[in-house]
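Take a look at the structure set out below.
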Amino acid sequence: MDEEDEHFTTNERFRRLAECCVIFSLLITPIACVFIIVQTSDNVLSKLTIDSRWFLLTGSESCIRLMDINGDGLDDILVALTEVTAITNEIEKDKNRPRYCQSLNVETPCSGTVYGIRGYDFSILWSFRVKQSIFELVCDEIDIDDDGYRDCIGTGRQATLVAFDPRNGKIFWQNENIKSRRSLWNFYNPIVLPVDVDHDHMNDILISHGGNPTIPSDVHEREAGCLIIISSRNGNQIGEPFWMPDGKETYMSPVLYGNSTILFGTGGETVPGGLYSISLENILEEKYRYVTIMKSLWKRIFNGFEFYTTPAPGDFNSDLFVDFMIILNHGKNNRIKSKVILSI
């Protein structure tokens, strides 16, 4: 074997050895990684505990709000729950319920409860009863008692409305001072107006009121919903309600647009409606004739689907235009078969 052949053979051996090393590394690396991950995970998991707080025989339609309610610098939890018997309407068969609610000094059926829960261990810091299920909690723009801390307003079914201090669960006022409330209608998400209507040195709120769940879905003649201005300080109704201009019910929270225009909508699951706008000045003066019907720029129809959530705006395709993320429910009302998240 000459020198050239010997050099070629040596190189070939090195090449095969390198290939074997690569193959071995490819085989052993995943095994080593799995071993390290398992060992690390066991080590980490041994130090973790799963905290939970169960509330038996309850359900919830409430949003969850995170804020520091006990002053320890950590987020705590605000949430509202409802007795299952109220959700299934079985509570109406309880003949002793009025007496029980009276003992709590809460309007019948007194089936809702608002909780303040410590964030790091789920301990209940405080709780209080309300009339029915709460699904909206607003805690970002109002200080009712002028103590320098944010207070909250909760709204929900059967005209449930309550203002409270989230630090201790103290109730400032409830719905008893709203003369135009209907006992079976809902209150929706309130908005804080940029004006002090009743001149008590605090901006007041606007809230929508409507939707009677006791009316069968095939009955399309519904009572008109309304917008009501309420004093943030004491919960008193200010002026007369602003009734929906088309005489339809409403399930939509009002929207403050541009600090001077109110957007509001009408209609329901089986009742068509519309989207309207009116200036804040005209709604304060109850000038119905200045209501404007909003016109759509485009329309998408999703047959067989229903919407129950607020669209989330954002630029999801990086074209510098606002897009919307929406959740579609396939099916009807309480017979939803599936959900789809879609950006348009």
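The values are calculated or read from the model by the stated rules, or taken from the named source; none is laboratory data. Here the structure is a predicted model, which is why all the values come from computation and not from measurement. Here the Cβ is made from the backbone with ideal geometry for all residues, glycine too, and neighbour counts use every protein chain on show. All accessible areas refer to the heavy atoms of the entire protein, side chains included, with ligands and DNA or RNA removed. Shrake-Rupley method; radii C 1.70, N 1.55, O 1.52, S 1.80 Å.
Summary table
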quantity	calculated
Rg over Rh, two decimals, the stretch 94-181 (C-alpha only, Kirkwood Rh)	0.99
Probe 1.4 Å, protein heavy atoms only - accessible area per residue of the stretch 227-344 in square angstrom	64 Å²
Derived scalar couplings ³J(HN,Hα) [the stretch 69-79; Karplus, 6.51 cos²θ - 1.76 cosθ + 1.60; whole Hz; x for Gly, Pro]	9, 10, x, 9, x, 10, 5, 10, 10, 10, 7
Average accessible surface area per residue within the stretch 140-207, 1.4 Å rolling probe, Å²	42 Å²
Rounded accessible area per residue of the stretch 49-122, 1.4 Å, Å²	64 Å²
Taking only Cα atoms of the stretch 148-197, radius of gyration then Dmax in Å	12.0, 35
Apportionment of accessible area to carbon and sulfur, the stretch 155-285, percent (1.4 Å)	50 percent
Percent breakdown of C-alpha pair distances by 5 Å bin, ordered from the shortest bin, for the stretch 236-344	2, 10, 15, 19, 19, 14, 10, 7, 3, 0
5 angstrom amide H check on N186, placed H, neighbours 5+ away	Q158, A159, G210, G211
For K170, residues with placed amide H under 5 Å, excluding near neighbours	D165
Order by protection proxy (mean Cβ within 10 Å, highest first), peptides 291-304, 136-149	136-149, 291-304
FRET efficiency estimate (nearest 0.05) - Cβ-Cβ, I341 to D146, R0 45 angstrom	0.60
